[in-house]
1. Confirm whether Ser145 is surrounded by fewer than 13 Cβ atoms within 10 Å (Cβ to Cβ), in contact with a strand residue (DSSP E or B) (Cβ under 6 Å, 6 or more places away or on another chain) and among the small types (Gly, Ala, Ser).
2. Determine which member of the set Asn84, Asn142, Asn66, Asn121 is of a type outside the set (A, V, I, L, M, F, W, C) and more than 20 Å from Val30 (Cβ to Cβ).
3. I'd like to verify a number: residues in region 187-235 that are surrounded by fewer than 16 Cβ atoms within 10 Å (Cβ to Cβ) and more than 17 Å from the chain's Cα centre (by Cα), how many?
4. In a loop (DSSP other than H, G, I, E, B) and open to solvent by less than 100 Å² (accessible area, probe 1.4 Å): does that describe Asp19?
5. Give me the pairs, please: first residue somewhere in region 264-279 and on the phi < 0 side of the Ramachandran plot, second residue anywhere and surrounded by fewer than 11 Cβ atoms within 10 Å (Cβ to Cβ) and polar (S, T, N, Q), beta-carbon distance under 7 Å, and either six or more positions apart or on two chains.
6. Can Thr260 be described as at pLDDT 95 or above, of a type in the set (Ser, Thr, Tyr) and out of contact with any Leu (no Cβ under 6 Å at 6 or more places or on another chain)?
7. Filter the helices (runs of 4 or more DSSP H) completely within region 183-270 down to those with at least 1 residues that are of a type in the set (D, E, K, R) and in contact with a helix residue (DSSP H, G or I) (Cβ under 6 Å, 6 or more places away or on another chain).
8. Within region 172-211, track down each residue that is farther than 20 Å from Leu94 by Cβ and at pLDDT 95 or above.
Amino acid sequence: MNNVNARGQTLEEFLAEYDETKYRRPSNTVDMILMTVSNAKLRILLIRRKDHPFINDWALPGGFINFDEDMETAVKRELAEETNITSDTYFRQLYTFGKTDRDPRTRIITTAYLSLTPEENIRHTRAGDDAADAGWFTISKNIISTDAEGRSSKVILECEDNGVKIVYDVIDRVNQNYVRTSSSLNESESNAKLAADHIKAINMAMDQVQHRAASTGILFNLLPEEFTLREVQNAYEAVIGRKTDTGNFRRDIRRMLIETGTKKKVSGKYAALYRFNPLYSYMEENL
């Protein structure tokens with residue numbers, strides 16, 4: 001039995017007369033917050049735009065979604081085009097930004113994806129067709145003050161290779177059951193700026209990574225498949241932006257790891273190698 005609507009139409013009949021021009025269509029893009037740890041520092045990939053809008057501003061890599069393309073496929077394609085990363089890498093949908101005036105060209109709705117990868121995957125980064133340059137920026141989010149209503153902080157991005165420094169003052173305020181964020185470029189400390197509303201996506205990604213680094217397996221996407229305890233601690237300290245007590249950290253982190261039974265030589269000594277136990281979260285919830 002075919003389902004019909006109030007006008008007696010089957011799905012095929014409905015689609016045959018459907019007018020897809022009835023509503024204006026927004027454009028849709030994906031943006032990627034791609035992070036890694038290199039030389040014990042958390043880094044994020046930014047590209048410098050070479051055309052309008054936001055010409056010469058630094059931006060998250062990304063692009064338009066093809067009409068017949070899934071969003072996840074678009075993310076993988078853009079990662080390959082911007083970074084040469086073609087192997088599987090961690091990414092998850094972070095947030096969708098749809099403010100009507102966020103882009104002067106037309107109504108553009110973008111979905112930001114957080115992606116984390118080991119340093120070994122980023123050695124062949126290149127600027128895409130719409131970029132004048134690409135750079136790995138060290139990134140930190142430093143809390144300046146907190147109170148019952150929220151917090152103020154500084155998001156600092158620096159690229160040693162080209163001398164670029166971008167600093168934003170960020171205020172996160174509690175508003176009933178969600179957080180309202182506002183930001184402004186700190187012009188006295190900056191010699192460049194970010195395009196569009198990309199500071200909002202970066203600020204949100206920093207919160208996600210910092211808050212979940214020790215409680216989930218997200219941290220291990222920044223590491224090779226096998227690693228030492230020192231490498232785990234270095235990655236964790238790079239993410240949170242401060243040193244931790246080695247004894248306490250290693251006691252806690254071992255619960256998430258499987259010892260491989262192999263070792264590698266580090267600074268003249270042999271260190272045990274570990275890998276992340278993918279069943280950790282399941283066991284924590286179900287045991």
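The values are calculated or read from the model by the stated rules, or taken from the named source; none is laboratory data. Computed from a predicted structure; not experimentally measured. Cβ: placed from backbone, ideal geometry, glycine included. Neighbour counts: every protein chain shown. These accessible areas exclude ligands, DNA and RNA; they are computed on the full protein's heavy atoms, side chains included. Shrake-Rupley method; radii C 1.70, N 1.55, O 1.52, S 1.80 Å.
1. yes
2. Answer to the selection: Asn142.
3. 9
4. yes
5. If the second residue must be surrounded by fewer than 11 Cβ atoms within 10 Å (Cβ to Cβ) and polar (S, T, N, Q), the pairs left are Leu273/Thr262.
6. Taking the combined requirement at face value, the residue does not satisfy it.
7. Numbers: elements: 198-212, 229-240, 246-253.
By residue number, 198-212, 246-253.
8. Residues satisfying the conditions are Ser184, Leu185, Asn186, Glu187, Ser188, Glu189, Ser190, Asn191, Ala192, Lys193.
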